[in-house]
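Data first, discussion second: the structure below is written as structure tokens.
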Amino acid sequence: MPTSYYPILKTTIAEMRALKNLNSSTWNYFTPILELTKSRKSKKNQESCVYRKIEEIKDIVNENEFILDLTSIESLSNDQIESFQSDVNGFENWCNFISDVCDQNLNVVPVLIAYPDSRIEELTLESQQLCAVSKKIAVRIPICEPDLEDLFSILRQFIRQNYSDIGYIIFDSGYIFDEITDVSPFVQVISSFCSEIPQNYEGKFIFSSSSFPASTLEKITGDKFDNSFRLQTLPLFTRILEELIISGVKNPICFGDYACIHPHRNESKAYNWIPRIDYPTQDIIYFSRNRREEGGYIECAKKISALSRFNSDNLSCWGMSEIKKTSIGDPGGKSPSYWISVRSNIHMSRMALING
């Protein structure tokens, strides 16, 4: 069964919980792109060892394929991850780590680590070492970051010479601040890379973006605690896909996003947060906020459950069940992290069905 949905998730507690609670049938329609982060520090794990995260991933993905990249966020990294990003001997540390992961019988597709000043010889050596254990790799291209022409140039050359080893080419546009009216810059970049590959290429192209804000406070209108805002990711993807077909790109483009989570993370800080529950549909995020002394998550869930859109929603997943349970006074969790998991689980379940 072909996969058409590729969410990008960091291996944080919230995102792994959302992934763990997906229905087994959902895995038929999607493949996660995981950004490896450090594990939780404890007395027995002072170094926040990343192998703890691999154990967690193994318990969740089982035999299913997943794409593995490294986090670029300093607060989620550690010395191990930084060592994997070293380009010595064709990123030898990263390649050895992927070999260890493959030894655990995990169906992993590693992302090629590349920098603007990388040499083609270094990337070719990295690819050879990775493909020796994982058979195929993924290439991730940050298409909306500034001053990346050097990176684009080296990756075009690498793709042209090594396309048979590449299972996935991920065009990552990161966070979308506002609705985009002109998609031509996206189309031009994607077309330029697609033109480097023969039409008999058997790998997949993925376009990914996120429109979920760092804080929903910026989406609140007036003094209301119950609001909604539009999701831009799927409409943007649809328009780009249409333009690519018109421009002559024949390879299929698959949909990706950040699983209804903002791509960037701030340092964790203690703050007096107000309980909030988000309910994502295909095109709109509905959210309700309610102070703890005024009912907190239970009152939020009641307001969400009262929405006609929620009541007519036939989606069956863990996240939907958690909102329903909480609305009758039985919350599964009382932390923002828990309800990020709920939101992301609903979104991934829906997008997998829509794009499957």
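Since every read-out is calculated from the coordinates, none of them should be taken as a lab result. Just so you know, these numbers come straight off a predicted model, no measurement behind them. Because the Cβ atoms are built from the backbone with ideal geometry, glycine has one as well, and the counts that use them run over all protein chains shown.
Some observations on this one:
- Computed about the Cα centre, the dipole magnitude for segment 230-335 is approximately 240 debye when only Lys and Arg (+1) and Asp and Glu (-1) carry charge, each at its Cβ.
- E242/F152 FRET efficiency (R0 30 Å; Cβ-Cβ; nearest 0.05): 0.80
- Backbone phi angles across segment 89-103, fed through the Karplus curve with coefficients 6.51, -1.76 and 1.60 (θ = phi - 60°), yield HN-Hα couplings of 6, x, 6, 4, 5, 5, 5, 5, 5, 4, 4, 4, 5, 5, 5 Hz in residue order; Gly and Pro are listed as x.
- Remark: relative contact order (the chain) = 18 percent; criterion is Cα-Cα distance under 8 angstrom and separation of 6 or more residues.
- With both residues required to sit in the chain, DSSP beta bridges show an antiparallel share near 25%.
- Each of Y6, F287, F229 was placed along the dipole of the chain (beta-carbon charges, centred on the mean Cα), and the one lying farthest toward the positive end is F287.
- Sequence-distant residues sharing a close amide H with K204 (under 5 Å, placed H): Y168, I169
- Less than 5 angstrom separates the built amide H of Q232 from those of S211, all sequence-distant by 5 or more or on a different chain.
- Which of T37, T12 has the fewest Cβ neighbours within 10 Å, and the rest in rising order: T12, T37
- For the chain, with +1 on Lys and Arg beta carbons and -1 on Asp and Glu, the positive-most of N93, S77, F193 along the dipole: S77
- J(HN,Hα) series, segment 137-151, from Karplus relation 6.51 cos²θ - 1.76 cosθ + 1.60, nearest Hz, glycine and proline x: 10, 10, 10, 10, 10, x, 7, 10, 7, x, 6, 10, 4, 5, 5
- In range of the label at E63: residues from segment 132-165 whose backbone nitrogen is under 17 Å from the point 7 Å along Cα→Cβ: none
- Spatial separation of Cα centroids for segment 111-156 and segment 274-298, in angstrom: 41
- Helix-derived mean residue ellipticity, 222 nm - over the chain, DSSP H n ≥ 4, -39500 (n - 2.57), to 500: -12000 deg cm²/dmol
- Pairs from K10/K324; K10/K204; K53/K302; K20/K53 whose Cα-Cα separation, in the structure shown, is over 24 Å: K10/K324; K53/K302
- The modelled label-to-label distance for the pair K41/I274, using points 7 Å beyond Cα in the direction of Cβ, is 3.3 nm.
- Computed from the C-beta positions of D117 and S312, the FRET efficiency with R₀ = 56 Å rounds to 0.55.
- Using only side-chain charges placed at the Cβ, +1 for Lys and Arg and -1 for Asp and Glu, the dipole size of segment 5-270 relative to its Cα centre rounds to 880 debye.
- Scanning the chain for GluC sites (Glu not before Pro) lying in DSSP loops with no more than 13 further Cβ atoms inside 10 Å, the longest uninterrupted stretch between such sites is 64-178.
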